[in-house]
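> For reference, the structure I am asking about is given below.
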Amino acid sequence: MKLAMLETGGELKPVAVELAGDEPRYVDLCAVDDSLPCTVHEILEQGLVDRAERAAQTGVSQERFIDGALRAPIARPSKIICIGLNYGDHARETKAEIPSEPVCFGKYPNTITGPDEPVRLPAVAKKVDYEAELVVVIGKSASNVSADEALDYVAGYMVGNDVSARDWQKGRPGGQWLLGKSPDTFAPIGPWIVTSEEVGDPHDLSISLKLNGEVMQDSSTKELIFNLGQIMAHLTQLMTLEPGDIIFTGTPSGVGMARNPQVFLKPGDVVEVTIEKLGTLRNPIID
Ligand code: ZN
């Protein structure tokens, strides 16, 4: 099942997405089952994915579709955790050492933006870059989970872009990445969450990014240095992951900073990230 948030008639509704060819159709889950809560985040928190799935099947069979514009599937995750340098090809292009354990940092909910919504370039950021990433969506509270059992705690996956202001990420006092990673709108996610059972193995998905139609990144999640189980085992030794928390799992090679000549985002650009089975997340760049 694909779960999304849809804005329709000035209201936000949780929907299941049915793809007829490439054309998405949306089932208003709460209209089919009024016991369901009104956001995907609450459906995850209350453990109601199975009930949502039944509502989706009913809605599709009765052709109860609605129109609207997709928004971020999770508007305000309580945690947005990111893993740096998690593809061997990317670590090499940035001349960073292959890390011995996951490199972790965070972003804040102000960074979340949805499909087709703009990424805004701050006036003070001159070197803003893209990063295609597989994003994990947590489905069950996870503390001290082993790598082997970690995927049982995952609700699903979506496409993400870890937008990064390189001139604020590097070379600043203290070496903190925080400000370079957390400007408003710097975490596009979507277009929908694809549930775990529909994805199958998340470690064998093609991942690519186009900038204005030109392929800039093209890899596979096979290339992850630390797999999703290892990442979750590492994190949950120290922090409890909650339903609706999300993890950006790192980007492959081809980022703008490492190209010769370097490429940075400018107003009018369009970035499209595509992951096999998960769809395409498209965002225009504005100032
Ligand atoms: Zn990243």
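Rule-based calculations on the coordinates, nothing more; no lab input. Keep in mind the model is a prediction, meaning the values are calculated, not measured. Glycine gets a Cβ as well: all are built from the backbone with ideal geometry, and neighbour counts include every protein chain shown.
> Using θ = phi - 60° and the Karplus form 6.51 cos²θ - 1.76 cosθ + 1.60, what ³J(HN,Hα) does each residue of segment 28-41 get, whole Hz, x for Gly and Pro?
My calculation for segment 28-41 gives 6, 5, 6, 6, 7, 10, 6, 7, 6, x, 9, 9, 4, 4 Hz in order.
> I've got another one for you. Across 10 Å bins from 0, what is the distribution of all Cα-Cα pair distances for segment 1-119, in whole percents?
13, 34, 25, 18, 9, 1
> Can you give me the Kirkwood hydrodynamic radius for the chain, using every pair of distinct Cα atoms, in Å to one decimal?
For the chain, inverting the mean 1/r across all distinct Cα pairs yields 19.0 Å.
> A follow-up question, please. Which angle from 0 to 90°, rounded to the nearest 10, does the C-alpha axis of helix 49-61 make with the longest principal axis of the chain?
Rounded to the nearest ten degrees, it is 60.
> Could you check the spin-label model distance between Leu19 and Gln262? Points 7 Å from the Cα along Cα→Cβ, value in nm.
Simple spin-label model gives 3.6 nm for this pair.
> Could I ask something else about it? Taking the mean number of other Cβ atoms within 10 Å as a proxy for protection, how do you rank 197-206, 70-79, 155-164 from highest to lowest?
155-164, 70-79, 197-206
> Another question, if that's okay. Figure the gain on full extension for Glu197 and Ser220 (residue separation times 0.36 nm, minus the Cα-Cα span) and round it to one decimal in nm.
6.3 nm
> Here's another thing I want to ask about it. How would you rank Thr221, Thr39, going from fewest to most other Cβ atoms within 10 Å of each one's own Cβ?
Final ranking by Cβ density, sparse to dense: Thr39, Thr221.
> What is the P(r) of segment 2-71, as percent of Cα-Cα pairs per 10 Å bin from 0?
24, 58, 18, 0
> Only Cα pairs under 8 Å and at least 6 apart count here; give the relative contact order of segment 2-71 as a rounded whole percent.
37 percent.
> Placing +1 at every Lys and Arg Cβ and -1 at every Asp and Glu Cβ, with all other atoms neutral, what dipole size does the chain have around its Cα centre, in debye to the nearest 20?
1120
> Calculate, for Met239 and Gln46, the FRET efficiency according to 1/(1 + (r/R0)^6) with r their C-beta to C-beta distance and R0 25 Å; round to the nearest 0.05.
Approximately 0.70, to the nearest 0.05.
> Identify the GluC sites (Glu not before Pro) of segment 16-104 meeting these criteria: DSSP loop state and at most 15 other C-beta atoms within 10 Å of the C-beta.
Glu63, Glu97
> Roughly how many nanometres apart are two label points built 7 Å out from the Cα toward the Cβ at Arg172 and Asp287?
2.1
> Please go through the residue pairs Lys13/Lys127; Lys13/Lys277; Lys170/Lys210; Lys79/Lys222; Lys13/Lys126; Lys140/Lys266 and name each one whose alpha carbons sit more than 32 Å apart in this structure.
From Lys13/Lys127; Lys13/Lys277; Lys170/Lys210; Lys79/Lys222; Lys13/Lys126; Lys140/Lys266, over 32 Å: Lys13/Lys127; Lys13/Lys126; Lys140/Lys266.
> So, in nm, how far is label Gln57 from label Glu93 when the simple model puts each one 7 Å beyond its Cα toward the Cβ?
About 4.3 nm separates the two model spin labels.
> For segment 148-252, which semi-axes, largest first and in whole Å, follow from the square roots of 5 times the eigenvalues of its Cα gyration tensor?
Listed largest to smallest, the semi-axes of segment 148-252 are 24, 20, 14 Å.
> Under 13 Å from a point 7 Å along the Cα-to-Cβ line of Asn212: which residues of segment 249-287 have their amide N that close?
263-271, 285
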